[in-house]
1. Mind checking the stretch 12-68 for chymotrypsin sites (Phe, Trp or Tyr not before Pro) that DSSP puts in a loop (not H, G, I, E or B) and that have at most 16 other Cβ atoms within 10 Å?
2. Using the Cα centre of the chain as origin and beta-carbon charges of +1 (Lys, Arg) and -1 (Asp, Glu), tell me which of M240, T75, V137 is placed farthest towards the positive end of the dipole.
3. Determine the dipole magnitude for the stretch 34-103: charges of +1 sit on the beta-carbon of Lys and Arg, -1 on that of Asp and Glu, nothing else is charged, the reference point is the Cα centre, and the result goes in debye to the nearest 20.
4. Any chance you could look up the accessible area of L106 with a 1.4 Å probe, heavy atoms only, rounded to 10 Å²?
5. Where the convex hull is taken over the Cα atoms of the stretch 64-207, what is its projected area averaged over directions, in nm²?
6. Let me know the charge dipole size of the stretch 67-143 about its Cα centre in debye, to the nearest 20, where only the beta-carbon of Lys, Arg (+1) and Asp, Glu (-1) is charged.
7. Which FRET efficiency value, to the nearest 0.05, is calculated for D49 and L134 with the Förster distance at 30 angstrom and r the Cβ-Cβ distance?
8. Using the beta-carbon distance between I156 and Q247 and R0 = 41 Å, what value does 1/(1 + (r/R0)^6) give for FRET efficiency, to the nearest 0.05?
Amino acid sequence: MPNNTFLSSFWKGFQIVKSHKTDSLISITLKPDSPAFCSCGRLSEFTHDTQWRTIKDAMILGTPVELLIQTRRITCSLCGTKTEAISWLKPYSRLTNRLIEYIEQLLPLLPIKHISELTGVHWHTIKNIDKQRLKRVIPDIPWDKLRQLVMDEFAIFKGHRYATVIADAQTHQVLWIGLGRSRTDIRPFFEELGKHAENIEAVAMDMNTAFDLEVKAHCPNARIVYDLFHVVAKYGREVMDRVRVDQANQLKEDKKARRWIKRSRWILLKNRD
(Lines give C-alpha, C1' and ligand atoms only; values in the text may rest on other atoms or scores of the structure.)
Protein backbone atom coordinates (compact mmCIF):
# COMPACT_ATOMS: atom_id res chain seq x y z
CA MET A 1 0.00 0.00 0.00
CA PRO A 2 1.55 3.34 -1.00
CA ASN A 3 2.36 5.84 1.73
CA ASN A 4 0.53 8.85 0.35
CA THR A 5 -1.03 12.02 1.66
CA PHE A 6 -4.59 10.82 1.03
CA LEU A 7 -4.33 7.82 3.38
CA SER A 8 -2.31 9.71 5.98
CA SER A 9 -5.07 12.32 6.16
CA PHE A 10 -7.30 9.70 7.84
CA TRP A 11 -5.06 9.81 10.92
CA LYS A 12 -4.25 13.43 11.69
CA GLY A 13 -0.91 13.93 13.41
CA PHE A 14 0.49 10.58 12.26
CA GLN A 15 2.24 9.25 9.18
CA ILE A 16 2.28 5.79 7.64
CA VAL A 17 5.64 4.09 8.07
CA LYS A 18 4.64 0.57 7.12
CA SER A 19 1.64 -1.22 5.62
CA HIS A 20 0.67 -4.74 4.65
CA LYS A 21 -2.44 -6.10 2.95
CA THR A 22 -3.89 -9.58 2.81
CA ASP A 23 -7.27 -10.78 1.59
CA SER A 24 -8.72 -10.49 5.10
CA LEU A 25 -6.82 -7.60 6.74
CA ILE A 26 -5.03 -4.31 6.09
CA SER A 27 -2.29 -3.64 8.66
CA ILE A 28 -0.92 -0.11 8.95
CA THR A 29 1.85 1.17 11.23
CA LEU A 30 1.65 4.84 12.26
CA LYS A 31 4.13 7.15 13.95
CA PRO A 32 3.62 10.75 15.13
CA ASP A 33 4.70 13.50 12.73
CA SER A 34 3.53 16.56 14.68
CA PRO A 35 3.87 18.03 18.19
CA ALA A 36 1.88 16.33 20.94
CA PHE A 37 -0.91 18.09 22.76
CA CYS A 38 -2.48 17.40 26.15
CA SER A 39 -6.24 16.82 26.42
CA CYS A 40 -6.48 20.28 28.00
CA GLY A 41 -5.21 21.78 24.75
CA ARG A 42 -1.71 22.71 25.88
CA LEU A 43 1.32 21.88 23.77
CA SER A 44 3.58 19.20 25.22
CA GLU A 45 6.73 20.43 26.93
CA PHE A 46 8.39 17.02 27.17
CA THR A 47 7.83 13.46 25.94
CA HIS A 48 8.00 11.12 28.92
CA ASP A 49 7.94 7.85 26.93
CA THR A 50 6.21 6.08 24.04
CA GLN A 51 4.17 2.93 23.69
CA TRP A 52 2.62 0.92 20.87
CA ARG A 53 -1.13 0.31 20.70
CA THR A 54 -3.19 -1.88 18.38
CA ILE A 55 -6.39 -0.18 17.20
CA LYS A 56 -9.24 -1.25 14.93
CA ASP A 57 -10.39 1.17 12.24
CA ALA A 58 -13.25 1.22 9.76
CA MET A 59 -12.91 -0.97 6.67
CA ILE A 60 -11.21 0.25 3.52
CA LEU A 61 -12.72 -1.11 0.30
CA GLY A 62 -14.50 -3.82 2.29
CA THR A 63 -11.36 -5.02 4.10
CA PRO A 64 -10.92 -4.66 7.90
CA VAL A 65 -8.15 -2.28 9.01
CA GLU A 66 -5.85 -2.74 11.99
CA LEU A 67 -3.58 0.08 13.13
CA LEU A 68 -0.37 -0.22 15.09
CA ILE A 69 0.23 3.30 16.41
CA GLN A 70 2.97 4.80 18.51
CA THR A 71 1.53 7.05 21.20
CA ARG A 72 3.39 9.37 23.55
CA ARG A 73 3.06 10.05 27.24
CA ILE A 74 3.76 13.72 27.66
CA THR A 75 4.43 16.16 30.48
CA CYS A 76 1.91 18.99 30.77
CA SER A 77 2.53 21.98 33.07
CA LEU A 78 -1.10 21.84 34.22
CA CYS A 79 -2.07 18.14 34.09
CA GLY A 80 1.23 16.39 34.75
CA THR A 81 2.16 13.23 32.88
CA LYS A 82 -0.63 12.09 30.55
CA THR A 83 -1.11 10.28 27.25
CA GLU A 84 -1.29 12.71 24.34
CA ALA A 85 -4.69 13.67 22.94
CA ILE A 86 -5.50 12.17 19.52
CA SER A 87 -8.36 13.80 17.62
CA TRP A 88 -9.54 10.60 15.94
CA LEU A 89 -9.17 8.27 18.96
CA LYS A 90 -10.84 8.51 22.37
CA PRO A 91 -8.66 7.92 25.46
CA TYR A 92 -8.14 4.22 26.25
CA SER A 93 -10.32 3.19 23.28
CA ARG A 94 -9.21 0.42 20.95
CA LEU A 95 -11.59 1.60 18.22
CA THR A 96 -11.16 4.75 16.16
CA ASN A 97 -13.92 7.35 16.21
CA ARG A 98 -14.57 6.54 12.55
CA LEU A 99 -15.24 2.88 13.34
CA ILE A 100 -17.49 3.78 16.28
CA GLU A 101 -19.53 6.12 14.05
CA TYR A 102 -19.81 3.35 11.44
CA ILE A 103 -21.10 0.90 14.07
CA GLU A 104 -23.60 3.49 15.32
CA GLN A 105 -24.96 3.85 11.79
CA LEU A 106 -25.43 0.08 11.53
CA LEU A 107 -27.10 -0.40 14.93
CA PRO A 108 -30.60 0.77 13.87
CA LEU A 109 -30.39 -1.50 10.80
CA LEU A 110 -28.78 -4.79 11.86
CA PRO A 111 -28.68 -7.11 14.89
CA ILE A 112 -25.60 -6.75 17.09
CA LYS A 113 -24.47 -10.28 16.20
CA HIS A 114 -24.37 -9.40 12.49
CA ILE A 115 -22.49 -6.15 13.14
CA SER A 116 -19.93 -8.07 15.18
CA GLU A 117 -19.40 -10.53 12.33
CA LEU A 118 -19.11 -7.68 9.82
CA THR A 119 -16.66 -5.48 11.76
CA GLY A 120 -14.80 -8.04 13.87
CA VAL A 121 -15.64 -6.06 17.03
CA HIS A 122 -16.70 -8.06 20.11
CA TRP A 123 -20.42 -8.30 20.86
CA HIS A 124 -20.07 -6.69 24.32
CA THR A 125 -18.14 -3.74 22.90
CA ILE A 126 -20.86 -3.09 20.33
CA LYS A 127 -23.48 -3.38 23.09
CA ASN A 128 -21.69 -0.67 25.09
CA ILE A 129 -21.51 1.55 21.99
CA ASP A 130 -25.25 1.06 21.53
CA LYS A 131 -25.94 2.04 25.16
CA GLN A 132 -23.99 5.27 24.74
CA ARG A 133 -25.78 5.98 21.46
CA LEU A 134 -29.19 5.45 23.03
CA LYS A 135 -28.34 7.81 25.90
CA ARG A 136 -27.68 10.52 23.33
CA VAL A 137 -30.65 9.96 21.01
CA ILE A 138 -33.40 9.07 23.49
CA PRO A 139 -34.88 12.15 25.17
CA ASP A 140 -35.16 12.45 28.93
CA ILE A 141 -38.45 11.27 30.40
CA PRO A 142 -40.79 14.22 31.06
CA TRP A 143 -42.09 12.86 34.35
CA ASP A 144 -44.22 15.93 35.08
CA LYS A 145 -46.03 15.64 31.74
CA LEU A 146 -47.04 11.99 31.95
CA ARG A 147 -50.81 11.53 31.93
CA GLN A 148 -51.57 8.17 30.30
CA LEU A 149 -49.57 4.95 30.58
CA VAL A 150 -49.53 1.58 28.84
CA MET A 151 -48.37 -1.55 30.66
CA ASP A 152 -47.77 -4.99 29.19
CA GLU A 153 -45.86 -8.17 29.86
CA PHE A 154 -43.86 -10.22 27.38
CA ALA A 155 -42.20 -13.62 27.51
CA ILE A 156 -38.43 -14.00 27.49
CA PHE A 157 -36.17 -17.07 27.45
CA LYS A 158 -38.65 -19.12 25.40
CA GLY A 159 -41.62 -18.27 27.55
CA HIS A 160 -40.35 -19.54 30.90
CA ARG A 161 -39.84 -16.04 32.31
CA TYR A 162 -41.55 -12.69 31.84
CA ALA A 163 -40.67 -9.02 31.74
CA THR A 164 -42.79 -5.87 31.95
CA VAL A 165 -42.67 -2.79 29.74
CA ILE A 166 -44.30 0.55 30.57
CA ALA A 167 -44.69 3.31 27.98
CA ASP A 168 -46.23 6.74 27.54
CA ALA A 169 -49.55 6.20 25.75
CA GLN A 170 -49.36 9.60 24.04
CA THR A 171 -45.79 9.65 22.72
CA HIS A 172 -45.16 5.85 22.74
CA GLN A 173 -41.82 6.46 24.46
CA VAL A 174 -40.71 3.48 26.52
CA LEU A 175 -40.38 4.63 30.12
CA TRP A 176 -39.28 1.50 31.93
CA ILE A 177 -38.52 -2.21 31.38
CA GLY A 178 -37.99 -4.71 34.18
CA LEU A 179 -37.81 -8.45 34.73
CA GLY A 180 -40.92 -10.10 36.15
CA ARG A 181 -44.61 -9.19 36.23
CA SER A 182 -45.49 -9.25 39.93
CA ARG A 183 -46.29 -6.24 42.11
CA THR A 184 -42.82 -6.33 43.61
CA ASP A 185 -41.22 -6.48 40.17
CA ILE A 186 -42.99 -3.39 38.79
CA ARG A 187 -42.90 -1.32 41.99
CA PRO A 188 -39.51 0.32 41.17
CA PHE A 189 -41.17 2.17 38.29
CA PHE A 190 -43.80 3.75 40.54
CA GLU A 191 -41.13 4.61 43.10
CA GLU A 192 -39.24 6.41 40.35
CA LEU A 193 -42.46 8.09 39.20
CA GLY A 194 -42.81 9.45 42.74
CA LYS A 195 -45.08 12.44 43.28
CA HIS A 196 -45.92 12.57 39.58
CA ALA A 197 -48.09 9.46 40.05
CA GLU A 198 -50.92 11.78 41.09
CA ASN A 199 -50.95 13.22 37.55
CA ILE A 200 -51.67 9.86 35.91
CA GLU A 201 -55.21 9.87 34.50
CA ALA A 202 -55.43 6.42 32.87
CA VAL A 203 -53.42 3.21 32.57
CA ALA A 204 -54.06 0.64 29.84
CA MET A 205 -53.19 -2.98 30.65
CA ASP A 206 -54.24 -6.58 30.24
CA MET A 207 -56.21 -8.24 33.01
CA ASN A 208 -53.18 -8.78 35.25
CA THR A 209 -54.22 -8.45 38.89
CA ALA A 210 -50.72 -7.39 39.97
CA PHE A 211 -50.75 -4.46 37.52
CA ASP A 212 -54.22 -3.44 38.64
CA LEU A 213 -53.41 -3.45 42.36
CA GLU A 214 -50.08 -1.67 42.01
CA VAL A 215 -51.56 1.12 39.87
CA LYS A 216 -54.39 1.65 42.36
CA ALA A 217 -51.87 1.76 45.22
CA HIS A 218 -49.68 4.45 43.63
CA CYS A 219 -51.91 6.36 41.19
CA PRO A 220 -55.06 7.39 43.06
CA ASN A 221 -56.49 9.42 40.18
CA ALA A 222 -55.90 6.85 37.43
CA ARG A 223 -58.62 4.91 35.66
CA ILE A 224 -57.83 1.31 34.67
CA VAL A 225 -58.46 0.57 30.99
CA TYR A 226 -58.39 -3.12 30.15
CA ASP A 227 -57.19 -4.30 26.77
CA LEU A 228 -60.25 -5.21 24.67
CA PHE A 229 -58.61 -8.36 23.33
CA HIS A 230 -58.13 -9.74 26.81
CA VAL A 231 -61.64 -8.74 27.84
CA VAL A 232 -63.12 -10.67 24.92
CA ALA A 233 -60.79 -13.63 25.54
CA LYS A 234 -61.71 -13.73 29.23
CA TYR A 235 -65.41 -13.51 28.37
CA GLY A 236 -65.01 -16.44 26.01
CA ARG A 237 -63.14 -18.54 28.59
CA GLU A 238 -65.14 -17.77 31.69
CA VAL A 239 -68.64 -16.98 30.41
CA MET A 240 -69.28 -18.66 27.10
CA ASP A 241 -67.40 -21.83 28.05
CA ARG A 242 -69.32 -22.00 31.35
CA VAL A 243 -72.64 -21.69 29.50
CA ARG A 244 -71.54 -24.33 27.02
CA VAL A 245 -70.60 -26.76 29.81
CA ASP A 246 -73.88 -26.15 31.62
CA GLN A 247 -75.87 -26.74 28.45
CA ALA A 248 -73.88 -29.86 27.66
CA ASN A 249 -74.64 -31.22 31.12
CA GLN A 250 -78.35 -30.53 30.66
CA LEU A 251 -78.37 -32.27 27.29
CA LYS A 252 -76.11 -35.19 28.18
CA GLU A 253 -78.84 -37.62 27.14
CA ASP A 254 -79.43 -35.85 23.81
CA LYS A 255 -76.48 -36.92 21.62
CA LYS A 256 -77.60 -34.91 18.60
CA ALA A 257 -77.75 -31.68 20.62
CA ARG A 258 -74.35 -32.37 22.20
CA ARG A 259 -72.81 -32.79 18.75
CA TRP A 260 -74.29 -29.42 17.77
CA ILE A 261 -72.78 -27.77 20.88
CA LYS A 262 -69.34 -29.24 20.14
CA ARG A 263 -69.50 -28.00 16.56
CA SER A 264 -70.59 -24.53 17.70
CA ARG A 265 -67.63 -24.36 20.10
CA TRP A 266 -65.22 -25.42 17.36
CA ILE A 267 -66.56 -22.67 15.07
CA LEU A 268 -66.27 -20.12 17.90
CA LEU A 269 -62.66 -21.04 18.65
CA LYS A 270 -61.74 -20.94 14.98
CA ASN A 271 -63.19 -17.46 14.53
CA ARG A 272 -61.55 -16.22 17.73
CA ASP A 273 -58.09 -17.37 16.58
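The values are calculated or read from the model by the stated rules, or taken from the named source; none is laboratory data. All figures in this text were calculated on a predicted structure; none of them were measured in a lab. Virtual Cβ from ideal backbone geometry, glycine too; neighbours counted across all protein chains shown. Heavy atoms of the whole protein, side chains included, go into the accessibility calculation; ligands, DNA and RNA do not. Shrake-Rupley method; radii C 1.70, N 1.55, O 1.52, S 1.80 Å.
1. Loop-located and lightly packed - none at all.
2. Final value for the positive-end residue is M240.
3. 120 debye
4. In the full protein context, L106 sits at about 20 Å².
5. 13.7 nm²
6. So the magnitude is around 240 debye.
7. 0.20
8. 0.50
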